[in-house]
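These notes concern the structure reproduced below.
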Amino acid sequence: MIEFEEAVEMLDGTSIEKAVRNMHAFFCSVEESIIPFSEKEGVSCPKGCGTCCEKFLPDITKLESLYLAAYVSFSENKDELISRLGNAVEQKEGPCPLYDEKNEKHCMCYEARPLICRLFAQSCFQGKNGEKKFSHCHLNTDFKGPDKVEGDNVPIMGTFGQMMLNIEENDSMTEFLPVRVLKDIKLIEFYKTLKN
């Protein structure tokens with residue numbers, strides 16, 4: 001992929017530019033929250049594990065899709081990624097079409113991955129009594145994290161989800177990743193032709 005700023009400049013003046021910038025800033029803030037937590041608690045996906053990518057394919061929001069579609073549109077592997085997304089439209093579950101078991105991170109679009117992919121194994125959920133609980137992986141039972149987490153700076157999945165929905169131009173409607181991203185790639189490609 002070309003550099004982020006260069007890609008965004010090619011979308012300058014479009015409605016997508018602001019969406020992509022907003023999601024980039026949001027995802028940077030997510031990383032700033034989860035990295036210290038992950039290091040402190042010693043949690044992250046086990047090296048070499050791609051189990052969730054093999055078994056799960058998420059629904060994503062409008063802005064997650066635009067961000068991922070922009071990444072794909074400016075990727076060196078654009079044709080392959082579009083083909084993979086197209087082949088996955090009829091799937092009901094994983095593997096994710098962006099999954100690549102040979103890739104160290106297992107994702108061909110790791111830098112633009114959706115929020116759930118960023119948070120799983122690196123954040124907590126809030127229990128009904130306000131306690132912070134680590135969500136153990138039900139797909140890879142060898143992976144264990146802390147049962148209970150204390151402290152103030154604990155990243156909570158639901159909080160990030162709500163923050164993402166509050167980003168301007170986003171909404172709570174989600175759509176199956178391959179379907180939504182393919183639509184948004186067409187939109188971005190259209191805008192790219194206008195800029196040429």
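The values are calculated or read from the model by the stated rules, or taken from the named source; none is laboratory data. These numbers were taken from a predicted model, which means no experiment stands behind them. Here the Cβ is made from the backbone with ideal geometry for all residues, glycine too, and neighbour counts use every protein chain on show. Just so you know, the surface numbers come from the protein's heavy atoms only, side chains and all, with ligands and any DNA or RNA stripped out. Shrake-Rupley method; radii C 1.70, N 1.55, O 1.52, S 1.80 Å.
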Original post:
Taking only pairs six or more apart or across chains, which ones have beta-carbon atoms under 8 Å, a first residue in segment 34-47 that is open to solvent by less than 70 Å² (accessible area, probe 1.4 Å), and a second residue that is part of a loop (DSSP other than H, G, I, E, B) and acidic (Asp, Glu)?
Top reply: Pro46/Asp142
Subject >> Selection within segment 104-135 - without any contact (Cβ under 8 Å) to a residue 24 or more places away in the chain, open to solvent by 50 Å² or more (accessible area, probe 1.4 Å) and within 18 Å of the chain's Cα centre (by Cα) >> reply: Glu104, Lys105, Tyr110
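If you take the residues of segment 63-97 that are open to solvent by 30 Å² or more (accessible area, probe 1.4 Å) and among the β-branched types (Val, Ile, Thr), which of them is farthest from Glu5 (Cα to Cα)? Before the answer, list the steps.
Initially, segment 63-97 is screened for residues open to solvent by 30 Å² or more (accessible area, probe 1.4 Å), giving 71, 76-80, 82-84, 86-87, 89-93, 95.
Filter again for among the β-branched types (Val, Ile, Thr), leaving 82, 89.
Values: Ile82: 22, Val89: 30 Å.
Once the filter is applied, the top-ranked residue is Val89.
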Original post:
Do we have any residue at all in segment 63-75 that's more than 18 Å from Gln122 (Cβ to Cβ), modelled with pLDDT of 90 or more, under 14 Å from the mean Cα position of the chain (by Cα) and β-branched (Val, Ile, Thr)?
Top reply: yes
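Yes/no matrix, rows are residues, columns are (1) at pLDDT 80 or above; (2) out of contact with any Lys or Arg (no Cβ under 8 Å at 6 or more places or on another chain); (3) of a type outside the set (A, V, I, L, M, F, W, C):
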site: Ile116; (1), (2), (3): yes, yes, no
site: Leu119; (1), (2), (3): yes, yes, no
site: Gln126; (1), (2), (3): yes, no, yes
site: Leu139; (1), (2), (3): no, no, no
site: Met157; (1), (2), (3): yes, yes, no
site: Met163; (1), (2), (3): yes, yes, no
site: Val179; (1), (2), (3): yes, yes, no
site: Lys183; (1), (2), (3): yes, yes, yes
site: Thr193; (1), (2), (3): yes, yes, yes
